[in-house]
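Participant: This structure is in structure tokens; I'll ask about it shortly.
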């Protein structure tokens, strides 16, 4: 694989990984602490667990992209 494609794949993996952490932290801070969804006894809106789902999805995407990148090297 040419070096430019390896570099672009690495940048994409890191972007997904950082996006995963940012989405998870923002969901926890804004939804869980500021709005009190994480510690309240009342029902939470669907956007709160959806934020965590997006975070997990970005994490799996980063892992999958790294596996594909390593397979293309061989």
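Participant: Give me the residue from segment 35-74 that is in contact with a helix residue (DSSP H, G or I) (Cβ under 6 Å, 6 or more places away or on another chain) and at pLDDT below 90 and, out of that set, nearest to residue 5 (Cα to Cα).
Facilitator: 69
Participant: Moving on. For residue 32, all conditions in the list (1) farther than 25 Å from residue 2 by Cα; (2) assigned to a helix (DSSP H, G or I); (3) free of Cβ contacts under 8 Å to residues at least 12 places away in the same chain hold save one; what is the number of the exception?
Facilitator: (3)
The values are calculated or read from the model by the stated rules, or taken from the named source; none is laboratory data. All figures in this text were calculated on a predicted structure; none of them were measured in a lab. We place every Cβ from the backbone using ideal geometry, glycine too, and count neighbours over all the protein chains shown.
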